[in-house]
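K.L.:
Please read through the structure below; I'll follow up with questions.
The values are calculated or read from the model by the stated rules, or taken from the named source; none is laboratory data. These figures come from a predicted structure and were not determined experimentally. Cβ placement follows ideal geometry from the backbone for every residue including glycine, while neighbour counts extend to all protein chains displayed. Please note that ligands, DNA and RNA were not included when accessible areas were found on the heavy atoms of the full protein model with its side chains. Shrake-Rupley method; radii C 1.70, N 1.55, O 1.52, S 1.80 Å.
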Amino acid sequence: KNLPEISDNLIDTDKNFRKFFGIEGTHLGSNNWIVNSVMSSSGKPIMANDPHLGYSAPGKWYAVVIRSNDWNAEGYTLPGVPVVVIGKNQNISWVLTNIMLDDADFYAEKIDSSGRNYFYEKEWHPLQIIKDTINVKDSASVPFRIKITDHGPIISDIHPYDILYPGIKTDTSVLSFRWSAQDFSDEFTAFFRINKAENWNEFKAAFATYAVPGQNFVYGDNKGDIGYIFGGKLPLRENQNPTFVFDGTTNQNDWKGYVPSSEIPSLFNPPENYIASANNKTIKNFKYHISNLWEPPSRIQRITDLLNSKPKHSVSDFMKYQMDIISPYAKELTSYILGAFNNIKIIDPNLKLTVELFENWNYEMYRYSQVPAIYAVFFNHLLQNVYKNKMGHDIYNEFLFTTNVPYRSIMQLMELPSSWWFDDPDTPRIETRDDIIRKSLSEALTDLENKFGKEIREWQWGKLHHVIFKHTFSGFSSVVDNVIDIGPYEIGGDGTTILNTEYPFYESIEKFPRFRHTEFENNLGPSMRYIYDFSKPEEFYMILTTGESGNVMSDHYSDMTERWLYGGYLKIKTDEQSITHEKYLLRIVKE
């Protein structure tokens, strides 16, 4: 097939569409922050981190304390990773959040009829073809081929569309994938050097071999210094806003290398006396393209509000902040809800009481409160009433798949009260923003009345919003699930609070356990919590979502879950006497 022409107008239209709808990232997240000695009640820096990842049982992390002649570190690592990924040593501590770095591009390739050559720079080139086999226990092996162009491997044949919609063939271009991880890098060496770094200069030098994944590294040391490193290789592009599939037949959109390390951002001892990140846009007016994937600003806004709320902060303050469930996003949206009922005579008693509750709400997504439940059900109806009758079922469900897309889009529409998106094409009148807000709230109350009865006091958020930690094998047998899954538990918060308890907006896909869920089921959030006060170098605070063991039959498979749920922590002592109990000590001796 000839490659379809991609016009500049189409690219511009795509950019405007993405900007308007907020289709600029996945709703993952993390929080980290540090205050220096000026803002610390202990007189030394204090730092905190809670990376937000999809839940699982066993959990993603486990805690570790390493002691040797020349390598002493403690904190968190991942199975199979022989370094501390987040944690501390005797001199420094470091924590992470995702940059949301745009380090990949897609190219539409032109392949000849033989399927063995691709067209690039006015001539045909042979595809690099790698044959491999996946061996499957008690089953036939699965052979496969990897086809590679100048840009990278062809990935269109393995797109999940074919899994979700089997038998539905689409006329699509052949897509190749360019990713910075395809080039040489050495993250293990970088982390090993970080584990052993003694000061800011050694910490910063460790990133010489680091490329992926892009991470915001926040740093502190026992001298009182705090800092920030942009951890990741940043592609150097001609196009500084690459939001579309590029033409693979030309080198016009090929990368020109990487941004020089001397221009990669960092920060050291800022005048604000603190550093915080929450997957937000951390660097403004930077001449190179970093990302269009930034998270909505609700979490970072709340973090900075808390850090600016008092002159000094303690470990116990940070514990409260990590469990904070007040949503700046909900505050903003509630102002539009209340505005829609200005000068409106309300007859229904539950609707009247609901408006009064919104007027007095502190925007806390408390699991035993009724207002968050009304707010969340209202938000679902608002999405449906704005988008579903114009997109159709399938496109609407795909639109909801990445949660921050509807979050961003709805808030942008709130500023356009007469937008055609608010008009219901099935009615003769032209609806506005306030019409749809009133309709959505009325429908939400009907839903809650049908589910819990007429008494609003029965509509607690936790009755709808719960968390369950599912094992990899979950979903195939309810009997087995009762043993290997952990939960469910009622939980507060939502996807816009520091305690990020995101739930999917899209419909459950029952035939795939990975995409199967109940309404308002919390499936992503703090995968662990870490707090460290440099004034007490022989201890740190931690908690995991499940437990330290991956053995379902172990007492430590799920013994941290309830502490995690209610904001509890374990104090880990790292002095020699505390860590040398033979019961808990793994000795690795070089023969």
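K.L.:
Over the chain, what is the percentage of antiparallel beta bridges among all DSSP beta bridges, to the nearest 5?
P.N.:
Counting only bridges with both partners in the chain, antiparallel ones make up about 90 percent.
K.L.:
Also, quick follow-up: Among 572-581, 368-377, how do they line up from the highest to the lowest mean number of other beta-carbon atoms within 10 Å?
P.N.:
My ranking of the peptides, most packed first, is 368-377, 572-581.
K.L.:
Among bridges DSSP assigns within segment 478-577, what percent are antiparallel (round to 5)?
P.N.:
90
K.L.:
Next question. What 222 nm value per residue comes from the helices of the chain, counting each DSSP H run with n ≥ 4 as -39,500 (n - 2.57) and dividing by all residues, nearest 500 deg cm²/dmol?
P.N.:
Estimated from H runs of four or more residues: -7000 deg cm²/dmol.
K.L.:
What share of all Cα pairs of segment 350-464, in percent, falls into each consecutive 10 Å distance bin?
P.N.:
The distribution over segment 350-464 is 13, 41, 35, 11, 0, given as percents.
K.L.:
Considering the zone a paramagnetic label at residue 427 would reach in this model (a point 7 Å from Cα along the Cα-to-Cβ line), which residues of segment 365-405 have amide N under 16 Å from it?
P.N.:
Output list for this probe position: 381-390.
K.L.:
Just report the Cα centroid separation between segment 43-117 and segment 329-346, whole Å.
P.N.:
42
K.L.:
Provide the packing ranking of 307-313, 46-52, i.e. peptides ordered by the mean count of other C-beta atoms within 10 Å per residue, highest first.
P.N.:
46-52, 307-313
K.L.:
Another question, then. In nm, what is the difference between 0.36 nm times the number of residues separating residue 261 and residue 368 and their Cα-Cα distance?
P.N.:
Working it through step by step, the gained length comes to 33.5 nm.
K.L.:
Using a Förster distance of 22 Å, how high is the FRET efficiency between residue 571 and residue 312, based on the Cβ-Cβ distance and rounded to 0.05?
P.N.:
So, using R0 = 22 Å, E works out to roughly 0.55.
K.L.:
With labels modelled as points extended 7 Å from the Cα through the Cβ direction, what inter-label distance (nm, one decimal) is found for residue 389 paired with residue 420?
P.N.:
1.6
K.L.:
Let me ask something additional. Could you give me D for the chain, from Stokes-Einstein at 4 °C and 1.567 mPa s, where the hydrodynamic radius is the Kirkwood radius over C-alpha pairs? Units µm² s⁻¹, please.
P.N.:
Result for D is 49 µm²/s.
K.L.:
Over segment 467-591, what per residue volume does the convex hull of the Cα atoms give, in whole Å³?
P.N.:
Dividing the Cα hull volume of segment 467-591 by its residue count gives 166 Å³.
K.L.:
Please identify every one of the trypsin sites (Lys or Arg not before Pro) in segment 389-495 that sits in a loop by DSSP and has no more than 15 other beta carbons within 10 Å of its own beta carbon.
P.N.:
Passing sites in segment 389-495 are 429, 454.
K.L.:
Under Stokes-Einstein, with the Kirkwood radius over Cα pairs standing in for Rh, what whole-number D in µm²/s applies to segment 424-541 at 20 °C and 1.002 mPa s?
P.N.:
The diffusion coefficient I find is 119 µm²/s.
K.L.:
Right, here's the next one. Quick one: compute the contact order of segment 396-511, relative version, from alpha carbon pairs under 8 angstrom and 6+ residues apart, as a percent.
P.N.:
Computed over segment 396-511, the figure is 22 percent.
K.L.:
For residue 71 and residue 132 in the same chain, what is the full-extension length gain: residue separation times 0.36 nm, less their Cα-Cα distance, in nm?
P.N.:
Full extension of this stretch gives 18.1 nm more.
K.L.:
State, in angstrom, two size descriptors of segment 376-438 derived from its alpha carbons: Rg to one decimal place and Dmax to the nearest whole number.
P.N.:
Reported Rg and Dmax, both Å: 11.2, 33.
K.L.:
Lys and Arg at +1, Asp and Glu at -1: add these up for the other residues within a Cβ distance under 14 Å of residue 363 and post the number.
P.N.:
-3
K.L.:
Which distance in nm do the two modelled labels at residue 479 and residue 157 give, with both placed 7 Å along the Cα-to-Cβ direction?
P.N.:
4.1
K.L.:
According to the Kirkwood expression over distinct Cα-Cα pairs, how big is the hydrodynamic radius of segment 246-399, in Å?
P.N.:
About 20.3 Å for segment 246-399.
K.L.:
Something else now. Tell me, what is the per residue accessible area of segment 65-161 in Å², probe radius 1.4 Å?
P.N.:
I get 54 Å² per residue for segment 65-161.
K.L.:
Can you give me the relative contact order of the chain as a percent, contacts being Cα pairs under 8 Å and 6 or more apart?
P.N.:
18
K.L.:
Add +1 for every Lys or Arg and -1 for every Asp or Glu among the other residues with Cβ under 13 Å from the Cβ of residue 552, and state the total.
P.N.:
Around residue 552, the surrounding residues sum to -3.
K.L.:
Of the peptides 250-256, 228-234, how do they stack up when ordered by the mean number of other Cβ atoms within 10 Å, highest first?
P.N.:
Most protected by this proxy first, the peptides run 228-234, 250-256.
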